[in-house]
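Working notes for the structure below.
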Amino acid sequence: MLDKTLMSLDDVAEAIRECNKLYGLTLSDRNPANFMKDLLRGANASNNWPASVAKRKFTGIQRTGDGECFEFIPYRPGQTEPFPDAFKVRADAPRYPVQSISLPLATKSLGRSDETWLIQTAINLRVVETHFAIAPAYPLLELTHLQMGIKLRSTEIDALFLGKAGDPKNPDSVLVTCEAKQAKDPLIPSQIINQVHARPTQRWW
């Protein structure tokens, strides 16, 4: 067992200062809210996790609001590493061409690899609409982009869409959230779950 499982922003900032003192580092303690995001960047997030914690079969999940930073949680049944990549691209996954001629040459020349540019490009090229058009698992009648970069108390949503499904004469409304990642960064299940669980009472825009 661990002595403490829920870590606050103050806890993390204090730990950063302590590590700087012990190991002669110069890490900034000004933005502890990004601690888990920084730790999970790249393809080797599990290697960044303390071996002593992994040995006890605990991983971590980001927490937001009320001064919280992250929480140690037990491994799920069958889990063998702190941060398994649950959404790896399969070599046999179907591939579909997406047109890019509608993207201005100036935009292409200024292309970047950060999440903001990726989600903007996906919206401009209607990648999400194409996905739902060719993936029959959840048929939609229409899909409309609402907003990018929504920061809520408990999560952040890179792009939000409003979909219509069911009876065309009396369709149901569904919210579709999108999370953008660079190719080297894994999708984090807790971020997706937090987007789905975000309460409608939270401010969307």
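The values are calculated or read from the model by the stated rules, or taken from the named source; none is laboratory data. Just so you know, these numbers come straight off a predicted model, no measurement behind them. Methodologically, a virtual Cβ is constructed for each residue, glycine included, from the backbone with ideal geometry; neighbour enumeration extends over all protein chains shown. Each accessible area value is taken on the protein alone, full model and side chains, heavy atoms only, with ligands, DNA and RNA left out. Shrake-Rupley method; radii C 1.70, N 1.55, O 1.52, S 1.80 Å.
Of note:
- Residue selected from the range 1-55 under the condition of a type in the set (Phe, Trp, Tyr) and within 22 Å of the chain's Cα centre (by Cα), by the criterion nearest to Ser154 (Cα to Cα): Phe35
- Inside the range 163-194, residues that are of a type outside the set (Gly, Ala, Ser), over 23 Å from Ser46 (Cβ atoms) and surrounded by 15 or more Cβ atoms within 10 Å (Cβ to Cβ) make up a count of 5.
- Residues of the range 37-49 satisfying the condition of being touching a helix residue (DSSP H, G or I) at 6+ places or on another chain (Cβ under 9 Å) and either farther than 14 Å from Asp185 by Cβ or aliphatic (A, V, I, L, M) (or both): Leu39, Leu40, Ala45, Trp49
Yes or no, residue by residue, for (1) open to solvent by less than 80 Å² (accessible area, probe 1.4 Å); (2) of a type in the set (Ser, Thr, Tyr):
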residue: Glu18; (1), (2): no, no
residue: Asn31; (1), (2): no, no
residue: Leu40; (1), (2): yes, no
residue: Ser46; (1), (2): yes, yes
residue: Ala91; (1), (2): no, no
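- From the list Leu27, Leu9, the lone residue that is of a type outside the set (Phe, Trp, Tyr), under 23 Å from Ile188 (Cα atoms) and in contact with a helix residue (DSSP H, G or I) (Cβ under 9 Å, 6 or more places away or on another chain) is Leu9.
Residue-by-condition table, conditions (1) charged (D, E, K, R); (2) within 26 Å of Met36 (Cβ to Cβ); (3) part of a strand (DSSP E or B):
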| residue | (1), (2), (3) |
| --- | --- |
| Ile150 | no, yes, yes |
| Ala159 | no, yes, yes |
| Lys169 | yes, no, no |
| Leu175 | no, yes, yes |
| Pro186 | no, yes, no |
| Asn194 | no, yes, no |
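- Val98 being of a type in the set (A, V, I, L, M, F, W, C), over 23 Å from the mean Cα position of the chain (by Cα) and at pLDDT below 95: yes
- When residues in the range 101-128 are screened for being of a type in the set (A, V, I, L, M, F, W, C), open to solvent by 40 Å² or more (accessible area, probe 1.4 Å) and over 22 Å from Lys184 (Cβ atoms), 3 of them pass.
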